[in-house]
Every structure is written in C-alpha cells, then in structure tokens.
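Enquirer: Can you read through this structure? Questions will come right after.
Bear in mind that the values in this text are calculations on the coordinates, not laboratory data. Since we're looking at a predicted model, the values are computed, not measured. In this analysis, Cβ positions are derived from the backbone assuming ideal geometry, glycine residues included, and neighbour counts consider all displayed protein chains.
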Amino acid sequence: MEQTYIEDIAQKVGQEVLICGWLYNRRESGKIQFLLIRDGTGVIQAVVTKADGEAFEKALKLTQESSLKVWGTVREDPRAPGGYEVQIRNIEIVQRVEEKYPIDLKEHGPGFLLDHRHLWIRTPRQTAILRLRHEVMRSIRDFFDERGFIATEAPILTPSACEGTTTLFEVNYFDETAYLSQSGQLYLEATAMALGKVYWIGPAFRAEKSKTRKHLTEFWMAEAEVAFFDHEQNLKLQEELVKYVIQRCLQKRARELKELGRQTESLERVVAEPFARVTYAESLEIVNDLLKEKIASGEVEKLDWGDDFGAPHEEALGQHFGRPVFVEFFPAKMKAFYMEPKPDNPDLVLAADLIAPEGYGEIIGGSQRISDIALLKQRLKDFGLPEEPYQWYIDLRKYGGVPHSGFGLGVERLTTWIAGIEHLRETIPFPRMIYRLKP
RNA sequence: UCCUCGGUAGCUCAGCGGUAGAGCAACCGGCUGUUAACCGGUGGGUCGCAGGUUCGAAUCCUGCCCGAGGAGCCA
C-alpha cells in the first residue's frame, strides 16, 4: 500500500491509508488512545481502542519520536485537531525510542534548543519556518528564471577580500591563505558581462563578532547583477522581487504563516503599495526628528552626515513609513569602493539600502557599479586598496565596460520578516553564530 | 570587543547563611473522546569550575568557564 502524506489527508476521507512518520505525542484514557503522528507534512491524530486488540497493545509501547507505520481509515471529526483523524487498524513500530527523548512539548530555553537543533527542527513551529524558507528560496529562483536571468555561481574560496573592510574567515589553501567569500558580487559582475542578467543564491561568511538577533556568521544571500542596468532599474527590480516573494508566501504558505501566528495584513499591504523612497540626507532629518527625545536623553545617538544607521535608527525609519523604504544616495566615503557616483553630486553614490518595516531592518543593499576604468582605479587608491588582486575586476572595465547594477538580499532576514519571528537563527536549519558551531 | 542578566533534577524555575524543593518529563497504576489531557504513586542532584570568608556556603567574596539579551558592525 502506498504512503499517504498527512497534508493530503482531506482527500482520503472514508478510505484506508498508510501513514509513515514519528510519534509526536500520545494521550491515553483507559481503553482509548490518541496518537499524534507527524510525517514532515503535518500532524494527524490517530485513534485506537482496546477493541482493536494487537494494535492497541503496540500503541501502548510507543514513546515520543518513535518511528512507525499506521494503517487505518480517514474520517472527518470536529474533535480531532485539524478536523481529520485516522481510525487505526494496524501499527508497525519501525524503531521504538528506548531512551527518553530530550525535547518536551513545552518549556525550553534557547540555549538548550540550540544545543539540540538537530531535534528541535522536528517541532511544528520549526518545520513551518523551514517550509517558509523553502518558499522564499524557490520564489526567488522563479522570479529571476521567469525574467530570463541565468543562475550562475560565485566561488566560496576567494583569494582576497571583496570589499576590503569586514573581517573574513581564513582558510589554509595549500601554501596560501584563502578566505571564505563574504559576497559573490564582484564575480557576478564578471558573469553579467558574459551572460547579461545573472543571479545566484549562495552562502556568505562574515567573521564579525556580532551578537544580535539579526546576525549569523554564515548566511545566504540572493544576489543579482544586470549589465546596462542603471540605479532606477535596479530599485524597480528589487521592489518587484520582494513583492513577488511575499505574494508567493501569502498564497502558498498560508498554513505555515498561521502556525507562526503571523498577522498577514501588513504583508498584504507591502504587496499592494509602492515602496517608500528617501535620500540619505532626508533620512537623517527624519530619524533625528523621530528620535529627538531619546537623543536628548542620551539613549540614542544623533546621526551626523556620514554616520551609518544603528539598529534604533533603522527601526524608527521602518516604523515611520510602515512599509519597505529605500534609502538612497549615501556619501561615497561610507560605502564600498565600486559604487558609481551620482552624476549631479559626485560626493554621493547611486546606492540604496532597503529597510523592512516592523523593525526587521536592512534586507537589501545594492548599487550601480562604476563602469569607468580610470575612476575605478582612483577609487581603489582612495580606499587604500591594492590594484593587483583586483586586476581581473579592472579588466571588466578595460574590455567593454558598461553601466551595470546589482544587489544582495539577505535570505534569512527576509524570511524572518515574512515569518514575523523574533530571531533569524530559526530561519536556517543549522545557524552559525559567534558562540555556536555545533551541532 | 563592551554593557546587562543568568548557570540548582532530563526541562523550566523557586530557594539567597542552618536537613536540596516545585511543576513538567521519565517509570508504575487508574480512566472509552483526549486537545501541551487528567488523577494517584515511584525514582531522580558534584547546586557551572577553582579558591576564599564562616562553627556552618546553593546562598557571601574573588577569579575562571559557559550561555542569553542588548550595543557596535553588517545582509
């Protein structure tokens, strides 16, 4: 008999099915037992009574997370969680858990759960989040594929810093030192010159000693790069992408969003309305005004020209607009060396960060890239970077340099926002953080 | 790296100078519609580690280790 998955159970009412899974919980009341079985697609209640004989005796032996197969008949019953249940005919215990399962149905702290991440991911909340992550990943791919982008890859092992500044993880590479990539961007610029429109979703590594709910040392970025794209086209693409992903999650993952208790009204508004846009200069005024009381009391720092936003500033800006907001035209010196200057004010660059509402902070950073070879060399010099390791990158301007633009989107940050959860560590199966390398 | 809080039973915590506790989990028993079921019983401890103060330390002091929350930095 073929296995039926729990998510399809509604189509099997009145029929005999085979459920293969794990025991999530068991409740018994004398001559009747209720088994809650999970199979990765959902949880179903199965019922067995003393009159069922052998199956009842086997059910008594089942311990939490024991693996099992259950044959029985599906019926609708309002008393069952989810509205459907299986009347058990036969049970096969695949493996009985002999030792006590470490994770209870309630009351655990984050430290304990992270130590048991390999088991924690079995719980309904975690599977809902991971399914949502899958939808985010898949919809990003679909978005780009539908628009004729080519998926290409950037190397993880790199000879030098892409952006020069951030701390990198060092790796022994035979007789040399290599670094784990902190961004695929520079390589994507090269593949964009080969293929026109490119994207990739890959891991990025930052050895920053950050310890906040918004940081991982290993996270996934969706990056895109388009030849002949300018700043305006770049922002339009980003807005379409974010709306597309959210729309897909709302459509296809309503069950998971409900499981997470996510209020979807704000997400629906994000899809319906245009994103806000402010210049960096305007944003300074807005943020300083919004936070003027906290600045006066010394709780938050006042932002001066050239300052980057801190967490409170980012949050205030997100709350103020109540929808995603692009902050654009930053001072050149506070951003990376490769960004194209604003034509009417070369002290600013054609770059933008996208700030999510509801306090979720920056989810995208992007810019138009420098296309002129002389300017690029000058910028490397200004930033105190050597030309030699960037020779291949300079070549992109020597041989048919064109205006081009791109961006990087933080997959976990976007997923955290859509899920409406507190900490991004739950949006990746095995989070890597400053004090956490295991399991 | 800095600031704050914490580490006591498998888990979540109480106890804060005088015999080591509760709830949940586990195990045993009861209950034919449970919903993180309920009711009764049983077992379960190097009180993070090291040193100090004291007649006496889980409790007070010092150092170290580990973790959580926040800051900075960033996606």
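Enquirer: Which ³J(HN,Hα) values, rounded to whole Hz and listed in residue order, are derived for region A:403-419 from phi using the Karplus coefficients 6.51, -1.76 and 1.60 in 6.51 cos²θ - 1.76 cosθ + 1.60 with θ = phi - 60°, glycine and proline given as x?
Expert: Using θ = phi - 60°, the values come out as x, 7, 9, x, 7, x, 10, x, 4, 5, 5, 5, 5, 4, 5, 4, 6 Hz.
Enquirer: Still on this structure: Could you compute the FRET efficiency for residue A:60 and residue A:195, with r as their C-beta to C-beta distance and R0 at 60 Å, rounded to 0.05? Intermediate values should be presented prior to the final figure.
Expert: Numbers: r = 62 Å, r/R0 = 1.03.
The calculated FRET efficiency here is 0.45.
Enquirer: Under a 5 Å amide H to amide H cut-off, with H placed in plane at 1.01 Å, what residues pair with residue A:26 once short-range neighbours are removed?
Expert: When sequence neighbours closer than 5 places are left aside, the close amide H contacts are A:36.
Enquirer: Now a separate question. Reachable aspartates and glutamates from residue A:292, Cα under 18 Å, same-chain residues fewer than 8 places away excluded?
Expert: The qualifying aspartates and glutamates are A:282, A:301, A:304, A:307, A:308, A:314, A:315.
Enquirer: Right, next: Contour minus end-to-end for residue A:156 and residue A:3, with contour as 0.36 nm per residue of separation and end-to-end as the Cα-Cα distance?
Expert: Using 0.36 nm per residue and subtracting the Cα-Cα distance, I get 51.1 nm.
Enquirer: For a quick check, take a GNM of chain A with Cα springs below 10 Å and name the residue from A:332, A:272, A:51 with the largest mean-square fluctuation.
Expert: A:51
Enquirer: Which entries of A:214/A:377; A:302/A:333; A:211/A:236 have Cα-Cα distances beyond 25 Å here? Numbers along the way, then the final one.
Expert: Values: A:214/A:377 34 Å; A:302/A:333 19 Å; A:211/A:236 33 Å.
Violating the 25 Å Cα-Cα cut-off are A:214/A:377; A:211/A:236.
Enquirer: From the phi of every residue in region A:257-272, what ³J(HN,Hα) in whole Hz does the Karplus formula 6.51 cos²θ - 1.76 cosθ + 1.60 yield, where θ is phi - 60° and glycine or proline is x?
Expert: So the Karplus estimates, Gly and Pro as x, are 4, 5, 4, 7, x, 7, 6, 8, 4, 5, 5, 5, 5, 4, 5, 7 Hz.
Enquirer: Let me ask something else about it. What value, in deg cm²/dmol to 500, does the helix sum -39500 (n - 2.57) over DSSP H runs of n ≥ 4 give at 222 nm once divided by the residues of chain A?
Expert: Working: 14 runs with 142 residues, N = 439.
Calculated mean residue ellipticity at 222 nm is -9500 deg cm²/dmol.
Enquirer: Percent relative contact order of chain A, based on C-alpha pairs within less than 8 angstrom and at least six residues apart? All intermediate terms of the calculation are to be shown ahead of the outcome.
Expert: On the way: 818 pairs, mean separation 59.0, N = 439.
Here the relative contact order equals 13 percent.
Enquirer: Hey, for a label at residue A:105 modelled as a point 7 Å past Cα toward Cβ, could you say which residues of region A:36-72 have their backbone N under 18 Å away?
Expert: Counting only backbone N, you get A:36-40, A:42-49, A:59-68.
Enquirer: Give the shape of region A:219-378 as rounded, prolate or oblate, defined through the alpha-carbon gyration tensor: a ≥ b ≥ c are the square roots of its eigenvalues, a/c under 1.5 means rounded, and otherwise the shape is prolate if a/b is larger than b/c and oblate if not.
Expert: Working: a/c = 2.40, a/b = 1.21, b/c = 1.99.
Oblate is the answer for region A:219-378, as a/c is 1.5 or above yet b/c matches or exceeds a/b.
Enquirer: Still on this structure: Which ³J(HN,Hα) values, rounded to whole Hz and listed in residue order, are derived for region A:76-83 from phi using the Karplus coefficients 6.51, -1.76 and 1.60 in 6.51 cos²θ - 1.76 cosθ + 1.60 with θ = phi - 60°, glycine and proline given as x?
Expert: Values per residue, Gly and Pro as x: 7, 8, x, 6, 7, x, x, x Hz.
Enquirer: Another one. So which lysines pass the test for residue A:209, namely a Cα distance under 22 Å, with those fewer than 8 places away in the same chain ruled out?
Expert: The qualifying lysines are A:335, A:438.
Enquirer: With everything on Cα atoms, drop me the angle between helix A:231-252 and the longest principal axis of chain A, reported from 0 to 90° to the nearest 10.
Expert: Long axis of A:231-252 versus the principal axis of chain A: about 10 degrees.
Enquirer: Below 8 Å, C-alpha to C-alpha, sequence gap of six or more: please give me the relative contact order for region A:1-89 in percent. Mind showing how you got there, number by number?
Expert: Details: 191 pairs, mean separation 28.0, N = 89.
Reported as a whole number, the value is 31 percent.
Enquirer: Please report A:369, A:213 as a ranked list, fewest other C-beta atoms within 10 angstrom at the top and most at the bottom. Walk me through the numbers on the way to the answer.
Expert: On the way: A:369 28, A:213 14.
Fewest-to-most ranking of A:369, A:213: A:213, A:369.
Enquirer: Tell me, how many Å apart are the Cα centres for region A:97-172 and for region A:353-372?
Expert: Cα centroid to Cα centroid, the span is 21 Å.
Enquirer: Put a dot 7 Å past each Cα toward the Cβ at residue A:292 and residue A:123; how far apart are the dots in nm?
Expert: Rounded to a tenth, the inter-label distance reads 4.5 nm.
Enquirer: For residue A:342, list long-range residues whose amide hydrogen, built 1.01 Å from N in the peptide plane, is under 5 Å from its own amide hydrogen.
Expert: Amide H neighbours of residue A:342, under 5 Å, 5+ apart: A:348, A:349, A:350.
Enquirer: Right, next: Rounding to the nearest 20 debye, state how big the charge dipole of region A:78-166 is about its Cα centre with +1 on each Lys and Arg Cβ and -1 on each Asp and Glu Cβ.
Expert: On the way: 13 positive and 13 negative charges, 72 e Å.
Computed about the Cα centre, the dipole is about 340 debye.
Enquirer: Provide the FRET efficiency to the nearest 0.05 for the residue A:321-residue A:212 pair, computing r from the beta carbons and using R0 = 25 Å. Could the numbers behind the result be given before it?
Expert: Values: r = 22 Å, r/R0 = 0.89.
My answer for the efficiency is 0.65.
Enquirer: Still on this model: Placing unit charges on C-beta atoms (Lys and Arg positive, Asp and Glu negative, everything else neutral), compute the dipole magnitude of chain A about its Cα centre in debye, rounded to 20.
Expert: Working: 57 positive and 68 negative charges, 309 e Å.
In total the dipole reaches around 1480 debye.
Enquirer: Taking the Cα centre of region A:324-405 as origin, work out the dipole magnitude from +1 charges on Lys and Arg Cβ and -1 charges on Asp and Glu Cβ, in debye rounded to 20. Working shown, then result.
Expert: On the way: 9 positive and 12 negative charges, 60 e Å.
So the dipole magnitude of region A:324-405 works out to roughly 280 debye.
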